[in-house]
1. What percent of all Cα-Cα pairs in region 135-194 falls into each 5 Å bin, going from 0 up to the bin containing the maximum distance?
2. Mind listing the long-range amide H neighbours of residue 167? Cut-off is under 5 Å, sequence gap 5 or more, other chains count too, H placed in the peptide plane at 1.01 Å from N.
3. Go through region 90-172 and name the trypsin sites (Lys or Arg not before Pro) that are in a DSSP coil and have 12 or fewer other Cβ atoms within 10 Å of their Cβ.
4. Based on the alpha carbon coordinates of region 7-49, what radius of gyration and maximum Cα-Cα distance (Dmax) apply, in Å?
5. Charges at C-beta only: +1 for Lys and Arg, -1 for Asp and Glu. How large is the resulting dipole of the chain about its Cα centre, in Debye rounded to 20?
6. Answer with one residue from 150, 58, 170: the one whose Cα lies farthest towards the positive end of the charge dipole of the chain, charges on Cβ with Lys, Arg +1 and Asp, Glu -1.
7. In region 90-130, with Lys and Arg counted as +1 and Asp and Glu as -1 at Cβ, which of these residues, 95, 122, 110, has the Cα nearest the positive end of the dipole, that is, farthest along it?
8. How long, wide and thick is region 1-158, going by the Cα atoms along their three principal axes, in whole angstroms, largest first?
Amino acid sequence: MTDNGSLTTLKLVEALVARGWNVTVLSFPPFILPQQVPLPAGVRRVMLDNLNEEHMQQRLAEIAQQKGTIGAFIHLHPLFALQSQGPAFLDADRAILKQVFFLAKHLKQSLNQVAKSAQSCFYTVTHLDGAFGFTRQTNFGCIGAGLFGLTKTLAMEWPAVACRAIDLSPSLEPDQMVQCILAELQDPDRSLTEVAYGAQGRVTLTI
């Protein structure tokens, strides 16, 4: 899973470890995301030193060599502080989105391999407004919304892998965010690829 620099990362790691997950945390370069949260003892942090695709591939290979085939991925997208009103187009937002596309590319083989004998997943978590960006009541980095398109595409291309994009309201407390993520990880309904949690509770989009 990735580190978004908030307390949510720590609390999610603790919750997953308590449930028997073998967690490794991937941190983005400090020039993109300076904040890092402390991790529980025994949980390894793997740092990306740059945004080079080959470097990321090497880091993933190191994780697989130490921990075994990677069977699950959860991306916690950072909640950036915004100065202006309305959606923003941030360079850091764009850089991290590109990294997640690279991660999907290089996790394809391992996630689908695990899915042949066990459950595997690719989950992304954003903080638009808890309503897919439709409320127009909060400011957010809109480039991160591209994670919804990526995740829904992967759900079609990787039918054996559970893929879901989650939008959590920035007003939720870290403990609440973790409970929402855990609920989605445990949801057996594979037909859902996007879910949001906000003032209205849990919602999804229908056609």
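None of the figures in this text is laboratory data; all of them are computed from the coordinates on show. Bear in mind that the values here come from a model prediction, so they are computed numbers and not experimental data. Quick reminder, even Gly has a Cβ in these numbers, built from the backbone with ideal geometry, and neighbours come from all protein chains shown.
1. Using 5 Å bins, I get a P(r) of 4, 16, 23, 22, 21, 11, 4, 0 for region 135-194.
2. 126, 195, 196, 197
3. Within region 90-172, the qualifying trypsin sites (Lys or Arg not before Pro) (loop, at most 12 other Cβ atoms within 10 Å) are 116, 136.
4. 10.7, 33
5. So the dipole magnitude of the chain works out to roughly 380 debye.
6. Going by the charge dipole, the pick is 58.
7. 110
8. Its Cα atoms span 45, 36, 32 Å along the three principal axes.
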